[in-house]
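To start, the structure itself, in structure tokens.
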Amino acid sequence: MTAVPDVPAARTRTAVVTGASSGIGAATARRLAADGYRVVLAARRKDRIEALAAELPDAEAYQLDVTDRAAVDAFAAHLGERHESVDVLVNNAGGALGADPVATGDPADWRTMYEVNVLGVLNVTQALLPALTASGDGTVVVVSSTAGHGTYEGGGGYVAAKHGAHVIAETLRLELCGEPVRVIEIAPGMVRTDEFATTRFRGDAAKAAKVYEGVAEPLTADDVADTVGWAVTRPAHVNIDLLVVRPRAQAANHKVHRTA
Ligand code: 8X3
């Protein structure tokens, strides 16, 4: 009789997605769950992430404000207790506030955007890096923006903050060279989500709608999640440093084709 060799059960890999309560974060959580990850959805809005986690095969919701360092450290400790490993971190939490010129932008808005888009990425990445490294094959994703690669009038504090997020990804990749951790930056251009533009214009739906006016097909959150899922599921030795994704109708930050 032939002995059946012991085949070790494949380890369930854990992916953490911040800002998972809506838009690109929620779509990314769904995508990584479909790719077989145990997904931890982290966001401030508990009801939303709980509802999404309940829909996914193996997911957990964890209420988190990425700008609160003590809370982020507690989150890292929680993951250490509850999960065999942390394999993927998708730093997605972020957003824009206002579209004022530099001359009149509100410093409080700039501070808030720096806190979430830059320090939020720093906090969660620092806290989870030991676990990502210990996994033997960790991946850090920074969802930045084309606003991190070029500026536009009224981009103000958002453009400045997203440049900061881009620089974190670039610097971290240099610093981790030789460690078993990839650093991937996904830079989306115009994406129509339920909240991005509405938040930026503080609930002014008319202003928010103008952003996408006449644009045949802005990207969807699923389009971006697809790029995250693709980049993360490349073989471990393949590092997609930077993936810029825009709708066909947007050739550059300023160059958007609109129908009348
Ligand atoms: C969103 C892209 O053009 O609104 O991250 O800055 S843009």
| query | Would it be correct to say that Thr227 is under 25 Å from Thr171 (Cβ atoms), within 15 Å of the ligand (Cβ to nearest atom) and not acidic (Asp, Glu)? | reply | yes
| query | Could you list, in sequence order, the residues of the stretch 131-165 that are more than 13 Å from the chain's Cα centre (by Cα), within 13 Å of the ligand (Cβ to nearest atom) and of a type in the set (S, T, N, Q)? | reply | Thr146, Thr151
| Residue list for the stretch 102-130, filter: of a type in the set (Val, Ile, Thr) and under 14 Å from the mean Cα position of the chain (by Cα) | Val116, Val118, Val121, Val124, Thr125
| Per-region count, the stretch 56-72, residues within 17 Å of Ala15 (Cα to Cα) and surrounded by fewer than 19 Cβ atoms within 10 Å (Cβ to Cβ) | 4
| Which of the residues that make up the stretch 15-36 are touching a strand residue (DSSP E or B) at 6+ places or on another chain (Cβ under 6 Å) and surrounded by fewer than 24 Cβ atoms within 10 Å (Cβ to Cβ)? | Ala33
| request: Identify all residues within the stretch 188-218 that are aliphatic (A, V, I, L, M) and near the ligand (Cβ under 10 Å from one of its atoms); write none if there are none. | output: Met190, Val191, Ala197, Val211
| request: Go through the stretch 230-259 and give me each residue that's away from the ligand (no atom under 16 Å from the Cβ) and of a type outside the set (Gly, Ala, Ser). | output: Trp230, Val232, Thr233, Arg234, Pro235, His237, Val238, Asn239, Ile240, Asp241, Thr259
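None of the figures in this text is laboratory data; all of them are computed from the coordinates on show. Model, not experiment: these values are computed from the prediction. Neighbour counts are summed over all protein chains in view; Cβ atoms, including those assigned to glycine, are modelled from backbone coordinates with ideal geometry.
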